[in-house]
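Let me begin by presenting the structure, written as structure tokens, before commenting on it.
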Amino acid sequence: MGLLNVGSLVFGLLAWGLPLFNLFNPKAKAIEFYWDAIWSLSSCGIALCFQIIYTNYIVTIEDWIALMDTAQTVAVASATLLIMTILLNFTALIILKKKQVE
């Protein structure tokens with residue numbers, strides 16, 4: 001079950017990496033950005049799903065101490081992942097639109 005946390009981390013980094021790549025890639029095309037945004041948001045969803053499944057696993061085995069120790073951190077990390085993914089994708093979209101106007 002530890003692989004769920006690793007998978008969540010990998011997909012979370014992918015969710016942030018794709019829009020960051022678009023921000024620093026001056027030759028990004030609109031269609032490439034849209035596909036990268038779709039993959040980024042999907043990766044964010046998969047990372048959050050892994051956290052939900054892991055929390056369900058902890059509840060199933062009735063490890064209440066682990067649940068109490070990690071619940072607040074998981075909530076903050078999940079909210080941060082979602083907010084930053086959305087902000088990074090919108091920022092990349094705005095910059096892409098400005099490049100197309102020029």
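Where a number appears in this text, it was derived from the coordinates with a stated rule and is not lab data. Not measured: the values here are computed from a predicted model. Cβ placement follows ideal geometry from the backbone for every residue including glycine, while neighbour counts extend to all protein chains displayed.
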Handout entry: Part-to-part distance (alpha-carbon centres) for region 1-51 and region 83-102, which is given in Å
Key = 15 Å
Handout entry: FRET efficiency for Leu20 and Val101, using Cβ-Cβ distance with R0 set to 25 Å, rounded to 0.05
Key = 0.65
Exercise for the section: Please express the shape of region 36-85 as an equivalent ellipsoid: the semi-axes are the square roots of 5 times the eigenvalues of the C-alpha gyration tensor, given largest first in whole angstrom. Expected result: 25, 12, 4
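Sort Cys49, Cys44 so the one with the fewest other Cβ atoms within 10 Å of its own Cβ comes first. List each step's numbers first, then the result.
Details: Cys49 14, Cys44 24.
Ordered by Cβ neighbours within 10 Å, fewest first: Cys49, Cys44.
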Exercise for the section: Kindly express, to the nearest 10 degrees and within the range 0 to 90, the angle between helix 30-60's C-alpha long axis and the longest C-alpha principal axis of the chain. Expected result: 0 degrees
Completion exercise
The residues Leu93, Leu81, sorted from fewest to most surrounding Cβ atoms within 10 Å, come out as Leu93, Leu81
Practice task
Go through 29-37, 59-67 and give me the packing order, highest mean Cβ count within 10 Å leading.
Solution key: 29-37, 59-67
Problem - the chain, relative contact order [Cα under 8 Å, separation at least 6], % - result: 40 percent
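Could you put Val10, Val74 in order, starting from the residue whose Cβ has the fewest other Cβ atoms within 10 Å?
Values: Val10 15, Val74 19.
Ranking Val10, Val74 by Cβ neighbours within 10 Å, fewest first, gives Val10, Val74.
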Handout entry: Rh (Kirkwood; distinct C-alpha pairs) - the chain, Å
Key = 14.7 Å
